[in-house]
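Novice: Shown below is the structure under consideration.
The values are calculated or read from the model by the stated rules, or taken from the named source; none is laboratory data. Worth saying up front: this structure is predicted, and the values here are computed from it rather than measured. Note that each Cβ is placed from the backbone with ideal geometry, even for glycine, and that neighbours are counted across all protein chains shown. What goes into the accessible areas is simple: the full protein's heavy atoms, side chains included, and nothing from ligands, DNA or RNA. Shrake-Rupley method; radii C 1.70, N 1.55, O 1.52, S 1.80 Å.
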Amino acid sequence: MKIKMLILLTSSKEQIENNRTQLVMKTFESTIRPVKGDIIDDPGFDARFHNGYEVVKVTINYETNECYVSLYPLASELEEICINDYIDKLVANEWRIVSKKELLTY
């Protein structure tokens, strides 16, 4: 099944290049489907910005064989690095920024 993990990034300290939020997504194939409450680890995550992400919603589309997984940051927001540097690290680890046009299709 194609797993699509989604994170809505925001900063309490700064704006994201003229926006207040940014949606990022990582897509991969897996036979294991995350469930609500799971804690996700990924090489793109940086402990200097957040202490992890929890699965808060899972939407399965059996027709397209896709699973959308919404992630929410755990309680402690550290933000020891700037958000744009964090986004760059995510992108370097196969996350991608979701365009506003694409967002309308979800």
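Novice: Helix 83-92 against the longest principal axis of the chain: what's the angle in degrees, Cα atoms only, rounded to the nearest 10?
Specialist: For helix 83-92, the angle is close to 40 degrees.
Novice: Something else now. Given the -39500 (n - 2.57) contribution per DSSP H run of 4+ residues, what per-residue ellipticity at 222 nm results for the chain, rounded to the nearest 500 deg cm²/dmol?
Specialist: That comes out to -3500 deg cm²/dmol.
Novice: Exposed loop trypsin sites (Lys or Arg not before Pro) only (DSSP loop, at most 14 other Cβ atoms within 10 Å): please give the longest stretch of the chain free of them, not including the sites.
Specialist: So the longest stretch without any such site is 49-106.
Novice: Can you send over the carbon and sulfur percentage of the accessible area for the chain, probe radius 1.4 Å, protein chains only?
Specialist: The C+S portion of the solvent-accessible surface of the chain is 50 percent.
Novice: Also, I was wondering about something else. Using the Karplus curve 6.51 cos²θ - 1.76 cosθ + 1.60 with θ = phi - 60°, what ³J(HN,Hα) values do you get for each residue of region 35-49, in whole Hz, with x for Gly and Pro?
Specialist: 10, 3, x, 4, 9, 9, 10, 7, x, x, 6, 10, 5, 7, 10
Novice: Multiply the residue separation of residue 93 and residue 32 by 0.36 nm, subtract the distance between their alpha-carbon atoms, and state the gained length in nm to one decimal.
Specialist: 19.9 nm
Novice: Follow-up. Relative to the compact globular guide of 2.2 N^0.38 Å, what is the alpha carbon radius of gyration of the chain, as a ratio?
Specialist: 1.06
Novice: Leaving ligands, DNA and RNA out of it, rank 68, 86 by accessible area with a 1.4 Å probe, largest first.
Specialist: Descending order: 68, 86.
Novice: Over the chain, with the other protein chains present, what is the accessible area per residue in square angstrom, probe 1.4 angstrom?
Specialist: 63
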